[in-house]
Amino acid sequence: MVVINDYNAYSSGMKKSIKDKLFFEGLVEHVDTIIDFGCADGQVLKQLHEDFPEWKLFGIDADQTMLNLAKHNCNNAEYICAKGIPVDKIKNSLSNVLLNLSSVVHEVYSYSGLDEISRFWENVFACGCKYIAIRDLMLSIESDRASNINDMIGVLTNSQSDVLREFTSLWGSIKSQKNLLHYLMKYRYKENWNREVRENYFPITVEQLLSMIPTDKYRIVYFSHYILPFNRNKILEDFGIELKDNTHVKILLERK
């Protein structure tokens with residue numbers, strides 16, 4: 001895993017769109033426990049405690065530095081340093097649990113081998129949680145096409161040449177719409193560029209995610225494939241590009 005150079009910048013970025021990350025709050029019933037997998041610095045847990053102080057909160061992360069920050073930001077939660085989902089611990093906990101996977105799916109794919117990725121999904125759906133909330137970057141298979149020439153020009157003329165060059169050396173030409181969108185989702189993260197440029201923001205498509213859901217165990221109670229308003233406005237301002245491809249997904253699953 002590539003180290004985080006600037007934890008303050010990383011945490012500042014995660015604070016944005018907190019309410020969007022907590023889209024599930026008004027959609028769940030009879031929940032008493034939240035498990036935030038990939039909790040990072042605890043900003044989501046902090047907001048959850050402010051909104052629902054009666055909920056029991058658990059944070060799981062593989063980065064001990066992040067967990068130390070989380071304990072400082074939200075001391076109303078219990079924390080576990082782990083790379084994977086501790087299924088046995090969850091199964092032995094209360095039944096009305098929501099497993100929150102916010103901006104963590106793409107990191108699992110970026111920093112795990114194939115066996116670990118397979119085990120991750122097995123554990124997600126085997127944990128028995130009442131709800132599973134997923135929010136992450138994700139494209140549709142329809143975004144796998146040639147990019148618009150004017151959008152390419154917007155990126156070429158308004159990007160730092162060294163930043164764009166490093167991105168394309170790792171991911172390929174922005175003649176691909178998927179690659180162009182990938183670049184537009186990460187060009188701002190310059191403080192931790194060495195890490196962010198190497199993460200795969202779009203490892204799976206929305207269609208692939210939907211195909212993985214075990215329909216005998218879970219049903220979809222909320223689904224949205226969308227563009228973050230901040231991203232839409234910022235990219236229009238910086239490049240003159242009007243985003244049309246949905247880049248984020250929110251999905252809430254309820255156990256049958």
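The values are calculated or read from the model by the stated rules, or taken from the named source; none is laboratory data. This one's a predicted model, so the numbers in the text were calculated from it and none came from an experiment. Please note: Cβ atoms are built from the backbone with ideal geometry, for glycine as well, and neighbour counts cover all protein chains shown. Ligands, DNA and RNA are excluded from the accessible area calculation, which covers all protein heavy atoms including side chains. Shrake-Rupley method; radii C 1.70, N 1.55, O 1.52, S 1.80 Å.
For the chain, the solvent-accessible area works out to 47 Å² per residue, with a probe of 1.4 Å and every protein chain left in place.
Give the Rg/Rh ratio for the chain, taking Rg as the radius of gyration of the Cα atoms and Rh as the Kirkwood radius, to two decimals.
Numbers: Rg = 18.4 Å, Rh = 19.1 Å.
With Rh from the inverse mean 1/r over Cα pairs, Rg/Rh is 0.96.
Per residue Cα convex hull volume for segment 63-181, in cubic angstrom?
Working: hull volume 19.4 nm³, N = 119.
Given the Cα convex hull of segment 63-181, per-residue volume reads 163 Å³.
Within the chain, what percent of beta bridges assigned by DSSP are antiparallel, to the nearest 5? Here the share of antiparallel DSSP bridges comes out near 45 percent.
Computed over the Cα atoms of segment 176-256, pair by distinct pair, the Kirkwood hydrodynamic radius stands at 14.6 angstrom. Distances between placed amide hydrogens fall under 5 Å for ALA82 paired with ASP61, ALA62, all partners being 5 or more residues away or on another chain.
Label positions at PHE52 and SER110, each projected 7 Å from the Cα along the C-beta direction, are separated by 2.8 nm.
For the chain, relative contact order (Cα pairs under 8 Å, six or more residues apart, normalised by length) works out to 20 percent.
Looking at segment 84-162, the trypsin sites (Lys or Arg not before Pro) that sit in a DSSP loop and have at most 13 other Cβ atoms within 10 Å of their own Cβ are ARG145.
Which residues does a label at GLU78 reach in segment 96-113, if reach means a backbone N under 17 Å from a point 7 Å past the Cα toward the Cβ? Within reach of a label on GLU78, which here means backbone N under 17 Å from a point 7 Å along Cα→Cβ, segment 96-113 contributes 96-100.
The stretch between SER95 and LEU210, if pulled fully straight at 0.36 nm per residue, gains 39.0 nm over its current Cα-Cα span.
Helices in the chain, meaning DSSP H runs of at least 4 residues, each add -39500 (n - 2.57). Divided by all residues, the mean residue ellipticity at 222 nm is -12000 deg cm²/dmol.
Considering only protein heavy atoms and a 1.4 Å probe, what is the carbon-and-sulfur percentage of the accessible area of the chain?
Numbers: 5830 of 12100 Å².
Of the solvent-accessible surface of the chain, carbon and sulfur hold 48 percent.
Segment 39-114 and segment 190-254 have Cα centres separated by 20 Å. Converting phi to 3J(HN,Hα) with the Karplus coefficients 6.51, -1.76 and 1.60 and the offset θ = phi - 60°, segment 212-227 yields 7, 5, x, 5, 7, 10, 10, 10, 7, 10, 7, 8, 8, 10, 8, 10 Hz in sequence order, with x at every glycine or proline. Holding the Cα-Cα limit at 20 Å, pick out from LYS19/LYS190; LYS21/LYS186; LYS46/LYS130; LYS21/LYS190 the pairs that are longer than that. Among LYS19/LYS190; LYS21/LYS186; LYS46/LYS130; LYS21/LYS190, the Cα-Cα distance tops 20 Å for LYS19/LYS190; LYS46/LYS130; LYS21/LYS190. Only Cα pairs within less than 10 Å get springs; with that Gaussian network setup on the chain, which residue of ASP115, ASP63, ASP136 has the largest fluctuation? Result for the chain, Cα springs under 10 Å: ASP115 fluctuates most.
Summing charges over neighbours of GLN64, with a neighbour being any other residue whose Cβ is under 13 Å away from its Cβ, gives -1 when K and R count +1 and D and E count -1. Summing Lys and Arg as +1 and Asp and Glu as -1 over all other residues whose Cβ lies under 14 Å from the Cβ of ARG145 gives a net charge of -1.
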